[in-house]
Amino acid sequence: SAVISQKPSRDICQRGTSLTIQCQVDSQVTMMFWYRQQPGQSLTLIATANQGSEATYESGFVIDKFPISRPNLTFSTLTVSNMSPEDSSIYLCSVTTGGTEAFFGQGTRLTVV
Amino acid sequence: DAKTTQPPSMDCAEGRAANLPCNHSTISGNEYVYWYRQIHSQGPQYIIHGLKNNETNEMASLIITEDRKSSTLILPHATLRDTAVYYCIVRVSGNAGKSTFGDGTTLTVKP
């Protein structure tokens, strides 16, 4: 298994600003992913965070809006840029360790005002 | 990933078995059935997965029909702490992180 720590756990931000969310894992992991969960909805995959290279984004998500870094095998960041109220969501980090399971962090609850 | 269909909500009495169905009629031969749950304000938690045989672990049992077009997650003795949204996901085994989450089933366990 893997223990995932996300920071911050929640934040309230002004529109037009940016927020960087950190994901720290207690062990080296194979893959890291970022998901978004809008209010009352299910999870949507934003991107795969690739170690040492640019992230791979899913349809509807772009690097300018959601830049992602992954400098090593235990850490990744997701930035939500130029925020608007529509970006209010829970953002979740997920990892796999080479097995068949995926593990999720507790999420970052973002409110944009 | 194959599309799944789940009832939006279910109730269960505390101490009774909770049986959560999932339809996945377009499942491919190399796709597994995974179940996760999300308790309010927490990240999703892995429960169980299977290919075609029934599976059991300390949390639940997974029953997959012979044609693999549907499955049932069974919580043998539901407790109040099992109240959560349960997601049935179908995907290939090696693609653990890239899951397509549907709307899930909100299970409410009542005293």
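The numbers here are math on the coordinates, done by the rules we state, and not lab data. Computed from a predicted model, the values in this text were never measured in an experiment. Reconstructed Cβ throughout: ideal geometry from the backbone, glycine too, with neighbour counts over all protein chains shown.
Structure values in brief
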item	result
Convex hull of the protein assembly as shown built on C-alpha atoms - directionally averaged projected area, nm²	12.2
10 Å Cβ shell holding at most 15 others, DSSP loop, trypsin sites (Lys or Arg not before Pro): longest site-free stretch of chain B	B:70-111
Sequence-distant residues sharing a close amide H with B:GLU14 (under 5 Å, placed H)	B:LYS110
Vicinal HN-Hα couplings computed from phi for the stretch A:104-113 (Karplus, 6.51 cos²θ - 1.76 cosθ + 1.60; Hz; Gly/Pro x)	10, x, 7, x, 10, 8, 10, 10, 10, 10
Sequence of B:HIS49, B:HIS77, B:HIS24, B:HIS40 once ranked by neighbouring C-beta atoms within 10 Å, starting from the fewest	B:HIS40, B:HIS77, B:HIS49, B:HIS24
Relative contact order (%) - criterion: Cα under 8 Å, at least six apart; region: chain A	37
Amide H contacts under 5 Å for A:THR30, placed H, 5+ residues apart	A:THR96, A:THR97, A:GLY98
Radius 14 Å from Cβ of A:GLY107, net charge of other residues (Lys, Arg +1; Asp, Glu -1)	+3
Residue with peak Gaussian network fluctuation, chain A [Cα springs, cutoff 10 Å], from A:VAL80, A:VAL62, A:VAL95	A:VAL62
Sequence-separation-based contact order of chain B, relative, with Cα cut under 8 Å and 6+ spacing, percent	38
B:TYR32 long-range amide H proximity, modeled H, under 5 Å	B:ARG91, B:VAL92, B:SER93
Ranked A:ASP64, B:ASP82, criterion: other C-beta atoms within 10 Å, fewest first	A:ASP64, B:ASP82
Among B:SER70, B:SER41, B:SER28, residue whose mean-square fluctuation peaks in a GNM of chain B (springs only between Cα atoms under 10 Å)	B:SER41
Environment charge of B:HIS40, counting only residues whose C-beta is closer than 15 Å and scoring Lys/Arg +1, Asp/Glu -1	+3
Charge sum, other residues only, whose C-beta stays under 12 Å from A:TYR91's C-beta, Lys/Arg counted +1 and Asp/Glu -1	+2
Beta bridges by DSSP in chain A, antiparallel share as percent, to the nearest 5	90
Fewest-first sequence of B:LEU51, A:LEU78, A:LEU45 by Cβ atoms within 10 Å of each Cβ	B:LEU51, A:LEU45, A:LEU78
Range of Cα positions in chain B per principal axis (Å), largest first	40, 29, 24
Sequence-separation-based contact order of the stretch B:57-111, relative, with Cα cut under 8 Å and 6+ spacing, percent	32
Per-selection metrics, the stretch A:33-113 (Cα): Rg and Dmax in Å	12.5, 40
Charge dipole (debye, nearest 20) of the stretch A:1-63; +1 at Cβ of Lys and Arg, -1 at Cβ of Asp and Glu	220
